[in-house]
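One structure below.
Rule-based calculations on the coordinates, nothing more; no lab input. Note that the structure is predicted; figures quoted are calculated from it, not measured. Don't worry about glycine lacking a Cβ; one is built from the backbone with ideal geometry, like all the others, and counts go over all protein chains shown.
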Amino acid sequence: MNIGGTLIAGPAKGPLQGRITVPGDKSMSHRAVMLAALADGVTEIHGFLPGEDNISTAQMFIDMGVQVEWLNEAKTSLRIHGVGLHGLKAPAGVLDAGNAGTCVRLMTGVLAGQSFTSTVSGDASLRQRPMKRVVDPVRRMGAVVEGAAGGDLLPLTISGGHLHAIDHLSAVASAQVKSCVLLAGLYADGITTVREPKPSRDHTERMLPLFGQPVDVAPDGLISLLPANRLTAPDGAVLIPADPSSACFFAVAASLVKGSDVTLNSIGVNPRRDGWRRVMLGMGATMRLDHAHAVGEEPVADVRVQAGGLHGMHVDAADVPDAIDEFPVLFAAAALADGEFVLADAAELRVKESDRIAAMATALQAAGAEVEEKPDGAVIRGVASLQGDVDVDAHGDHRIAMAMAVAAQRADGEIRIHNAAAIATSFPNFVPLAQRIGMNVRWSEG
Ligand code: S3P
């Protein structure tokens with residue numbers, strides 16, 4: 001786990017201003033590498049997120065014999081020499097997902113399709129996260145998976161090959177589960193289907209056709225996939241839009257700091273990722289979209305946010321999966337909004353990189369916010385400003401660290417955010433970009 005690293009944040013010294021480009025989408029960066037590695041031919045990817053999580057995914061394929069060529073020093077462009085669906089080689093050692101839940105859960109599907117045995121593990125945080133949600137379906141497909149706690153915890157040892165198609169009814173609205181089953185389904189002997197309780201992010205369904213593999217999504221939400229004989233590298237490069245989950249930190253900061261006016265370039269506005277904007281608009285944010293266009297199969301737009309009096313709201317349960325990664329920073333917004341903010345039906349937040357309900361409630365309370373924890377959400381009553389000169393713990397969770405850095409912009413002194421180094425997993429240049437729009441945040445040198 002990325003323990004260590006202290007951020008010193010807040011208060012903002014003036015309005016936040018400017019136009020910035022945040023890095024590429026984390027979810028899509030994982031998927032692009034996976035599909036490119038499993039395709040026949042060479043795929044170029046631009047807009048790749050060079051965060052630690054995505055580097056873990058690339059490294060796993062390097063460990064299984066795939067050639068990855070970095071095309072620039074920033075590691076945002078790369079060329080992957082695909083080995084085909086059956087071309088991976090057994091890795092010499094344990095495949096390490098680091099902190100990346102998406103990497104390990106999607107790779108469980110890929111590894112279930114291989115005719116060799118492999119072991120995957122991760123850091124201390126990932127080793128505590130539930131894996132049965134992906135282990136159960138690939139076992140039903142015929143893979144043999146061994147792991148701690150009956151296969152619920154890493155490390156997992158996966159012996160795959162000869163998979164059967166299944167109809168999977170997922171208990172959770174999870175794109176990681178859905179994508180694991182679809183990736184394993186590429187190797188199955190018939191039509192694989194997945195049904196979810198609510199729709200989750202659909203990047204896998206959008207990206208597979210670029211590699212020549214159709215995915216059928218019925219009007220009632222049933223997703224069906226035929227077995228693939230092969231995936232083929234797309235004719236053009238795979239272009240990855242900027243990550244809405246990173247953009248939202250600056251959008252909330254701009255809403256909270258008086259006089260601010262910030263534009264975030266070419267942000268993914270796929271409806272399955274756009275719940276954070278629906279929540280913010282519901283809270284009264286001044287936000288508009290400009291220059292809407294498509295990047296590959298994904299809708300994007302510039303998001304302009306101006307400061308405005310936010311108020312509380314009851315989050316619609318239907319928006320929860322579409323904003324699942326943004327709740328830490330939406331809690332920060334709620335803590336400084338007028339009135340009451342109520343979130344329910346979001347127990348999944350307790351099994352992310354940290355227990356995000358507990359981590360945000362504790363950190364915000366330490367700074368004087370009124371947060372009542374619920375088993376599946378929280379009730380937050382806004383205050384005018386947070387207290388400064390306090391210490392909070394990000395628990396090695398990137399999004400807790402960045403959410404508290406945003407909240408601190410409306411504190412009456414500095415907030416010290418400990419165990420914040422994990423920001424590097426998803427947003428390595430968060431601090432310089434935050435400083436560029438005028439946020440008061442820096443790494444402690446101590
Ligand atoms: C992701 C899916 C979500 C999300 C995670 C990325 C993905 O997890 O929280 O950060 O890329 O598929 P769940 O599918 O478990 O909800």
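A few comments on the model shown:
- For the chain, projected area of the alpha-carbon convex hull averaged over all directions, nm²: 18.8
- Each principal axis of region 193-288 carries a Cα extent, and these read 56, 33, 16 Å when sorted largest first.
- In the chain, the DSSP beta bridges split such that about 70 percent are antiparallel, to the nearest 5.
- Remark on K198: its backbone amide H falls under 5 Å from those of A173, a criterion applied only to residues 5 or more positions apart or on other chains, H modelled at 1.01 Å from N.
- Straight-line reach from K198: taking Cα to Cα under 26 Å and skipping same-chain neighbours fewer than 8 places apart, the lysines in range are K26, K132, K178, K352, K374.
- Selection from P432, A411, A361, by position along the positive dipole direction of region 339-446 (Cβ): P432
- Ordering 354-361, 122-129 by mean Cβ neighbour count within 10 Å, with the highest value first, yields 354-361, 122-129.
- Dimensions of region 101-186 based on its C-alpha atoms, expressed as ranges along the principal axes with the largest first, amount to 33, 30, 20 Å.
- A full extension of the chain between N72 and Q306 corresponds to an added length of 80.8 nm, given 0.36 nm per residue minus the alpha carbon distance.
- Phi-based couplings in Hz for region 194-202 (Karplus 6.51, -1.76, 1.60; Gly and Pro marked x): 9, 10, 10, x, 9, x, 10, 3, 10
- Computed over region 342-431, Kirkwood Rh from alpha-carbon pairs, angstrom: 13.2
- Under 14 Å from the A344 label point (7 Å along Cα→beta-carbon), backbone N, region 380-421: 380
- The shape of region 26-239 can be summarised by an equivalent ellipsoid whose semi-axes, obtained from the alpha carbon gyration tensor, come to 23, 21, 16 Å from longest to shortest.
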